[in-house]
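What follows is a short report on a single structure.
The values are calculated or read from the model by the stated rules, or taken from the named source; none is laboratory data. What you see is a predicted model, and the numbers here were worked out from it, not measured in a lab. Cβ sites come from the backbone with ideal geometry, for glycine too, and all protein chains shown count toward neighbours. In case anyone asks, the SASA skips ligands and DNA or RNA and just uses the protein heavy atoms, side chains included. Shrake-Rupley method; radii C 1.70, N 1.55, O 1.52, S 1.80 Å.
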Amino acid sequence: GSISETTLVNRVARGEKLASLLRARVSTVMEEPFPVVSGETEVQRVYPLLEEHPAVLITEEGKIAGIITRADVFKLKGRA
């Protein structure tokens, strides 16, 4: 599963207390897992995934090796 800033903001907006969420078990707060792609995947193929998810996990040799977030893509666009 995953927990993002959006997860917490949405739950607080629905009336939950942030202090209560911060004391909760991860399993009760988490949402669906982030998508996973290989480190060999082209960044342009990750972009559509980020339209639906706040982050994409990167694997190398079957293990999580990194994460790409929406903010990372905005940084790349600023350099282009």
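A few comments on the model shown:
- Protein heavy-atom accessible surface, 1.4 Å probe, per residue over the chain: 76 Å².
- Highest-fluctuation residue, VAL36, VAL12, VAL46 considered, GNM on the chain with Cα pairs under 10 Å: VAL12
- Environment charge at LEU57 (Cβ cut-off 15 Å; Lys +1, Arg +1, Asp -1, Glu -1): -4
- Computed in the context of the full set of protein chains, the accessible area of the chain at 1.4 Å probe radius has 54% of its extent on carbon or sulfur.
- Its relative contact order, with pairs defined as Cα atoms under 8 Å and 6+ residues apart, puts the chain at 23 percent.
- For LYS17, neighbours were defined as the other residues whose beta-carbon sits under 10 Å from its Cβ, and their charges (Lys and Arg +1, Asp and Glu -1) total +1.
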